[in-house]
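Everything below concerns the one structure shown next.
The values are calculated or read from the model by the stated rules, or taken from the named source; none is laboratory data. Bear in mind the structure is a predicted one, so any value in this text is a computation, not a measurement. Methodologically, a virtual Cβ is constructed for each residue, glycine included, from the backbone with ideal geometry; neighbour enumeration extends over all protein chains shown. Protein only, heavy atoms only, side chains kept; ligands, DNA and RNA dropped before computing areas. Shrake-Rupley method; radii C 1.70, N 1.55, O 1.52, S 1.80 Å.
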Amino acid sequence: MVSAKSPTVRRRRLCGELRRLREAARMTCDEVGRALGCTGSRISRIESGRLGIRPGDVRELLEVYRVTGPEADRLVQLAREARQRGWWYAYNDVVSETMKIFVGLEAEASSIQNYEAHFVPGLLQAEAYARELFAGVRPTLDAETVQRRLELRMARQQVLRRADPPDAWFILDEAVLRHRVGGPGVMRAQLEHLLEIGQLPNVTVQVVPFAAGVHFGMGSGFVVFAFPDPLDAPVAHTENLVGAVFWEEQSEVDRCRTAFNHLRSAALSDVGSRVFIADMVKEM
């Protein structure tokens, strides 16, 4: 089983705490840089997570901020944990840096809220469906790369079945179920997979039918991750043809959560959604 410990989340927490300590010390990045003999931009890149940081570097920053004792030891240990490699680095050859961040957040999330308008979310994809999706969306990928990406996707799904799984709530537009990926057999297997995985006690699947009309989520899918430690603020994620964005400002995350709550109201209930999907299986 994949680990619930994520260096991605540890790194994000460390960056936030270092920024908080600098602000509490009433120092600018340039002032900290001068104290350490480096540039202010380097301190800024550390705080934003764009530059890796070693435990020794953390210790030097803490000396500038006059942080000592158990608090300093805790942050240095956090830096050690942040430098470890998550299980997903075994797929380093086929995934982008953005995807590594996404999987790292997913690995430690205690709550996942996911709305999709065009395709079945990765955590709910049957293997055959996922393979067809990779081949169709990225036809230039060679067979070996497709297989490696497929293995990563299947490994990610273990997060839903681990001993302490996240509370995972998925809302799918009806178009997701109607849009054929692969042949009828692939789609039938995918729909049956949705019915199966929807029976997990920590998983909820809802469908927004076409009959719901115009609704809050039209145009873009999104994911909101929340974490067990209150020091780790929630993160929202959106993706389009040219790239992905992680939204961390409270107002941005709140906007996604508001949209998700509206979608929950527009969607069929979880029981009604199961009936809806089961009826589609019978029609195939």
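Expressed as a whole percent, the accessible area of the chain that falls on carbon and sulfur atoms is 51 (1.4 Å probe). For the chain, the longest principal axis of the C-alpha atoms and the axis of helix 250-266 are separated by about 20°. Normalised by 2.2 N^0.38 Å, where N is the number of residues, the C-alpha radius of gyration of the range 78-140 stands at 1.34.
Contact order normalised by length for the chain, with contacts defined as Cα pairs under 8 Å and 6 or more residues apart; what percent is it? All intermediate terms of the calculation are to be shown ahead of the outcome.
Working: 398 pairs, mean separation 54.9, N = 284.
Contact order relative to length: 19 percent.
What does the helix-only formula give at 222 nm for the chain: each DSSP H stretch with n ≥ 4 adding -39500 (n - 2.57), the total divided by the residues, and the result rounded to the nearest 500 deg cm²/dmol? Mean residue ellipticity, 222 nm, calculated: -16000 deg cm²/dmol. Relative contact order of the range 151-220, taken over Cα pairs closer than 8 Å and 6 or more residues apart, is 41 percent.
Quick one: accessible surface of VAL245, probe radius 1.4 Å, all protein chains present, in square angstrom to the nearest 10. Probe radius 1.4 Å; accessible area of VAL245 about 60 Å². Here the label points at ASN202 and ASN92, each 7 Å from Cα along the C-beta direction, are separated by 2.8 nm in the simple model.
Once the convex hull of the C-alpha atoms of the range 41-158 is built, how many Å³ does it hold per residue, rounded to a whole number?
Values: hull volume 17.8 nm³, N = 118.
That works out to 151 Å³ per residue.
Each residue was assigned an accessible area with a 1.4 Å probe, and for TRP247 the value is about 90 Å². Projected label points at ARG161 and ARG255, each 7 Å from Cα along the beta carbon direction, are separated by 3.8 nanometres. Going by accessible surface with a 1.4 Å probe and the largest first, ASP93, ASP167 read ASP93, ASP167. The structure shown yields P(r) over Cα pairs in 10 Å bins from 0, in percent, and of the options [x] 6, 22, 18, 10, 12, 16, 12, 4, 0; [y] 6, 25, 31, 21, 11, 5, 1; [z] 6, 26, 36, 25, 7, 1, 0 that calculated value carries the label [y].
Taking all protein chains into account, the per residue accessible area for the chain stands at 51 Å² (1.4 Å probe). Relative intensity of the range 181-224 on a log10 scale, I(q)/I(0) at q = 0.15, 0.20, 0.22 Å⁻¹, equals -0.59, -0.94, -1.01, per a Debye sum over C-alpha point scatterers of equal strength in the absence of solvent.
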